[in-house]
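Before any comments, here is the structure.
The values are calculated or read from the model by the stated rules, or taken from the named source; none is laboratory data. These numbers come from a predicted model, not from an experiment. Here Cβ is always computed from backbone atoms with ideal geometry, including for glycine, and neighbour counts include all displayed protein chains.
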Amino acid sequence: MLDAVRSVGRRTIDGIWRMGVAVRFFGLTLVHSGICLRRPQLVMREIFSAGVLSLIIIVVSGLFVGMVLGLQGYETLQTYGSEEALGVLVALSLVRELGPVVAALLFASRAGSAITAEIGLMKATEQIAAMEMMAVDPIARVVAPRFWGAVISMPLLAAMFSAMGIFGGYLVGVVLIGVDDGSFWSQMQAAVDFRQDILNGVIKSVVFGVAVTVIALFEGYDAPPTAEGVSRATTRTVVTSSLAILALDFVLTAFMFRGV
Amino acid sequence: MHDNLVEIRGLHFGYGARPVLKGIDLTARRGQVIAIMGNSGCGKTTLFRVIGGVVHPTQGSVLVDGTEMVGLDQDGLYSLRRRMGMLFQFGALFTDMSVFDNVAFQLREHTDLPESMIRDLVLMKLNAVGLRGAQDLMPSELSGGMARRVALARAIALDPMLILYDEPFAGLDPISLGVTGNLIRRLTDTLGLTSIVVTHDVQESLKMVDYVYFISEGMVVAQGTPAEIKASDLPYVHQFVHGEEDGPVPFQYPAESYAADLGLSHA
């Protein structure tokens, strides 16, 4: 019994300790970010590997999510005789919630796990140590460009996801089912507010991007330099960042859309 | 100019409560190739990490080119490391860069040289290790021996004063072994470097080094020129040089008696 209490206590302290180390790591990354301004091509490369290479999964998923929204939304709306509001429903659900959240979840499993595995393996094969011995700070050279590359990619991917989703909703709702074209778009245009909906969605995706990337970088940098250590770290990246995205989404939504 | 490039005095180090190095004295004169030998787990690699400033000793002093490494801040450490090269056991090449970019890495990070000059320098370094023709290959396409030679070219890219080699002979075939050994000697002589080699390849290293330190259980147990080492009658050195199974370094890991372990003591 006492042992169980003790182990809960130890795990809690370890967890908080790790969180502190991760926050310190995040701070160090920000402090060493100057290199990204001096050598933007380093960040470009990371935007390519985190952003461009994630495009396919984001675009395809966005399309399907939008098509499902179109179908489900139509089913529900037609009971109230307001099928024309389908455009609003699809656009608001995507821009406010599904775009940032689902894109971030996909980003965590596609780009986040890749970042963790790459840095973990660089550590396991002594590439990080070699860099330190060459008087090159790995936080500045390896971590900071990946951080900014991923953080810049995330809102762009979320926007792409929403745009594809709306197109998917249009395909199903207007082209397939036959909702009125004009009211689909005009109601959407009237109901979606730039600041309230789009900007808040962008803020969400930036916050998720920072969270996913910091978790992915930290797990990789902190991974024990063994095959098992790297594989565990990769799993932890996906699990922790998915939970972080959903929890942060609740907090942000509570602040952004309270009483509107 | 100090005659001794590396001077270690009374060095102690431990991981937690477990002491690894217990009072090491070691000197590397300029232009020499020094070998540090000892059986696995004797603290050789730790000694390296101390010289490279990766870990700080609990006691003692480490002078590199007249600068005390102990207590140096990151800027001081980095400016000293810029004049040091290190060859890791398996090369530690950057796997996302070609051979050319690996060798160019430090030149691009630490200098503002134009790309055309970097190209010339990189080709010169690659030529010195005989791999100019492999400049476009990726590290995954190299054999173990080639990877180590590329890593050597990368280590000499900035013309360092000191190169540390961590087990440069481990896992190499006899040809690569000889090539690597000769390269270390030749580069040391032609570039005016000082080399410290951690190894347990006795035969290969005795051919090319100037001075040998034997380390056992965190202490220097023997030292001398290769000729003195070969003639040494110290039991530890004898066992090591001749590769005997049992001696001061026992074959068996400490355990309770064999019979008791098999449950025969009551019989």
Q. How many residues, within the range B:60-89, are within 9 Å of chain A (Cβ to nearest Cβ), out of contact with any strand residue (DSSP E or B) (no Cβ under 9 Å at 6 or more places or on another chain) and surrounded by 14 or more Cβ atoms within 10 Å (Cβ to Cβ)?
A. 4
Q) Looking only at the range A:10-47, which residues are aromatic (Phe, Trp, Tyr) and free of Cβ contacts under 8 Å to residues at least 12 places away in the same chain? A) A:TRP17
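Enumerate the helices (runs of 4 or more DSSP H) found wholly within the range B:187-267, keeping only those where 2 or more residues are β-branched (Val, Ile, Thr) and surrounded by 11 or more Cβ atoms within 10 Å (Cβ to Cβ).
Values: elements: B:202-208, B:226-231, B:235-242, B:258-261.
It comes to B:235-242.
Which one is surrounded by the fewest Cβ atoms within 10 Å (Cβ to Cβ), of the residues in the range A:133-161 that are of a type in the set (D, E, K, R) and in a helix (DSSP H, G or I)?
A:ARG141
Do we find that B:LEU123 is surrounded by fewer than 17 Cβ atoms within 10 Å (Cβ to Cβ), in contact with a Leu (Cβ under 9 Å, 6 or more places away or on another chain) and not assigned by TED's automatic domain parsing to the domain that holds B:ARG9 in this structure?
Numbers: surrounded by fewer than 17 Cβ atoms within 10 Å (Cβ to Cβ): yes; in contact with a Leu (Cβ under 9 Å, 6 or more places away or on another chain): no; not assigned by TED's automatic domain parsing to the domain that holds B:ARG9: yes.
No, not satisfied.
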Q) A:ALA150 passes all but one of (1) touching a helix residue (DSSP H, G or I) at 6+ places or on another chain (Cβ under 7 Å); (2) within 14 Å of another protein chain (Cβ to nearest Cβ); which number fails? A) (2)
**Q.** Pairs with Cβ under 9 Å, 6+ apart, first in the range B:34-56 and on the phi > 0 side of the Ramachandran plot and without any contact (Cβ under 8 Å) to a residue 24 or more places away in the chain, second part of a loop (DSSP other than H, G, I, E, B) and surrounded by fewer than 22 Cβ atoms within 10 Å (Cβ to Cβ)
**A.** none
Q) How many of the residues in the range B:90-104 are more than 7 Å from chain A (Cβ to nearest Cβ) and buried (at least 22 other Cβ atoms within 10 Å of the Cβ)? A) 6
Q: Write out, first by first residue and then by second, each pair whose Cβ atoms fall under 9 Å of each other, whose residues are 6+ apart or on separate chains, and whose first residue, in the range B:242-260, is assigned by TED's automatic domain parsing to the domain that holds B:ALA231 and β-branched (Val, Ile, Thr) while the second is surrounded by 10 or more Cβ atoms within 10 Å (Cβ to Cβ) and in a helix (DSSP H, G or I).
A: B:VAL249/B:TYR236; B:VAL249/B:GLN239; B:VAL249/B:PHE240
Q: Can you tell me which residue among A:GLY178, A:GLY173 is free of Cβ contacts under 8 Å to residues at least 24 places away in the same chain and farther than 15 Å from A:ARG96 by Cα?
A: A:GLY178
Q) Out of all the residues in the range B:107-118, is one or more under 30 Å from B:ASP173 (Cβ atoms) and either out of contact with any Phe, Trp or Tyr (no Cβ under 7 Å at 6 or more places or on another chain) or more than 14 Å from chain A (Cβ to nearest Cβ) (or both)? A) no
Q. Do the conditions hold for B:GLY14, that is, is it more than 25 Å from B:GLN203 (Cα to Cα), more than 9 Å from chain A (Cβ to nearest Cβ) and either crowded, with 22+ Cβ neighbours inside 10 Å or not charged (D, E, K, R) (or both)?
A. yes
Q: Among residues belonging to the range B:17-59 that are of a type in the set (D, E, K, R) and touching an Asp or Glu at 6+ places or on another chain (Cβ under 7 Å), point out the one that is farthest from the other protein chains (Cβ to nearest Cβ).
A: B:ARG29
